[in-house]
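Notes follow the structure.
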Amino acid sequence: MIEARQFLEPARKLGFEWYTGVPCSLLTPFINYVIADPSLKYVSSANEGDALATAAGIITGGKRAVVMMQNSGLGNAVSPLTSLTYPFKIPVLLICTQRGAPGIKDEPQHELIGRITGKLFDLMEVPWEPFPTEAAEIPKVLERALESMRTKHMPYALVMGQKAISPHPLASKPEKKNNTGATRRSFSWQDNRPSRNEALRRIVELTPEKASALIATTGHTGRELFAIADRPNHLYMVGSMGCASSLGLGLSLVRPNLRGVVIDGDGAALMRMGNIATVGAYGGKNFTHILLDNEAHEATGGQETVSPGVFFARVAEACGYTVVAEGDDLLLLDSFLGSSALSGPRFLHLKIKRGTPKDLPRPNTAPHAVLRRLMKHIGA
């Protein structure tokens, strides 16, 4: 058994100062230690996939990050592990506990995942090894992890058994933000709303290349943005549906002088609505969240979403976004992107009509090259 500081302090010396995750009783000493240290940062995510995507954003901003999770939540991280960190080649350090390990008495819900934890990492081509049980092993473990991440540009996992870390008390709690209210407007019929293309063109006009980073959600949003203008401050999420806001949060946290603009879709936002609460708690005034809502999964055939009955702006307001607006007038983009929030993040729910330009191209640059281009552009 080791103490939290015996791992976290050597990790700090190697640049690991940002941690994301979902609590597990086996990880409690680590989480408590990080929360209590003002020079370390912990983002408590709604689920493990969001935590991984937030860490990916932190790394995009030029910092190293660790994701902490229980193996029962590893399933929530499968999508971003296979369709975000893999195609974009993002090296993140994972600490995954192994509840239900073979030979260890545990709760019945952990039995299967405990047997297959290592096999899951193998299937996802994520290198892994057991978490160190002795303090003397830690430097070599971290060295192997870093070398793998440097050469493969892929995640590396440490699988932690029970009773690996001695207890550490919780000294403080993360700050919570308060909201300031929403601007609400009525919605018109579908045909009278602006198109996605019109909205994206206006967003491009209102976001200076040097001072902003645009994160476009998967599907037609990223493809249309690419067709309109392929700028070095753009990132097109080609997978990990719903993770654009998580990645944008991580990027904005480590780059406070950069305006991070997440362009989301209704289907994607519904898939990972929990991250709206995470952004409300941790996001700063440089985080701008624009939800383009056409009430359909248009990229997969136009199947309707349940968004007509969801007041996203009110959800964002309740979760702590400081400036919130909704409507279907393009002029909302001018007022929304032309002003700045006093403190926390901003959310715009913009209703748009359905429809996509013919012969819509796909980005012709590999995802990892688009990411490296963005990193170079912002000096990460």
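No lab work stands behind these numbers, since they all come straight from the coordinates. It should be emphasised that the depicted structure is a prediction, and the values quoted were computed from it without experimental measurement. We place every Cβ from the backbone using ideal geometry, glycine too, and count neighbours over all the protein chains shown.
Estimated at 0.36 nm per residue, the fully extended path between His368 and Leu342 surpasses their Cα-Cα distance by 5.9 nm. Could you work out the percent of alpha carbon pairs in the chain separated by over 38 Å, rounded to a whole number? Every Cα pair in the chain considered, those over 38 Å come to 19 percent. Translational diffusion coefficient, Stokes-Einstein: compute it for the stretch 182-377 using the Kirkwood radius over C-alpha pairs as Rh, at 4 °C and 1.567 mPa s, and state it as an integer in µm² s⁻¹. Translational diffusion coefficient: 79 µm²/s. FRET efficiency for the Lys119 to Asn192 pair, using the beta carbon distance and R₀ = 41 Å, is estimated at 0.20.
I'd like the FRET efficiency for Glu147 and Ala36, computed as 1/(1 + (r/R0)^6) with the beta carbon distance as r and R0 of 30 Å, rounded to 0.05. After rounding, the FRET efficiency stands at 0.50.
DSSP beta bridges confined to the chain are antiparallel in about 5 percent of cases. Using the Cβ-Cβ distance between Gln162 and Arg12 with R0 = 22 Å, the FRET efficiency computed as 1/(1 + (r/R0)^6) comes to roughly 0.30. Residue separation times 0.36 nm, minus the C-alpha to C-alpha distance between Ile104 and Glu129: what's the value? Here the segment from Ile104 to Glu129 would lengthen by 7.2 nm. Taking other C-beta atoms within 10 Å as the exposure proxy, Arg99, Arg373 rank Arg373, Arg99 from fewest upward. Calculated [222 nm] ellipticity per residue, helices only, for the chain: -11000 deg cm²/dmol; basis is -39500 (n - 2.57) per DSSP H run with n ≥ 4, divided by all residues, nearest 500. Averaging Cα coordinates gives a centre for the stretch 355-379 and one for the stretch 45-80; these two points are 22 Å apart. Exposure proxy shown here: for Ser252, Ser39, the number of other Cβ atoms within 10 Å sets the order, fewest to most, as Ser39, Ser252.
Only residues of the stretch 49-73 count here: report those whose backbone N is under 19 Å from the spot 7 Å along Cα→Cβ of Asn257, or say none. Once the point is set 7 Å along Cα→Cβ of Asn257, 58-64 turn out to lie under 19 Å by backbone N, inside the stretch 49-73. Extension gain for the segment Glu205 to Ala318, taken as residue separation times 0.36 nm less the Cα-Cα distance, is 37.7 nm to one decimal. Hydrophobic long helices, here whole DSSP H runs in the chain with Kyte-Doolittle means of at least -1.0 and Cα atoms spread over 20 Å or more along the helix axis, are found at 138-152.
Quick check: the distance between the Cα centres of the stretch 218-263 and the stretch 99-167, to the nearest angstrom? Here the two parts' Cα centres lie 31 Å apart.
Can you put Phe30, Phe336 in order of Cβ neighbours within 10 angstrom, beginning with the fewest?
Least crowded to most crowded, the residues run Phe336, Phe30.
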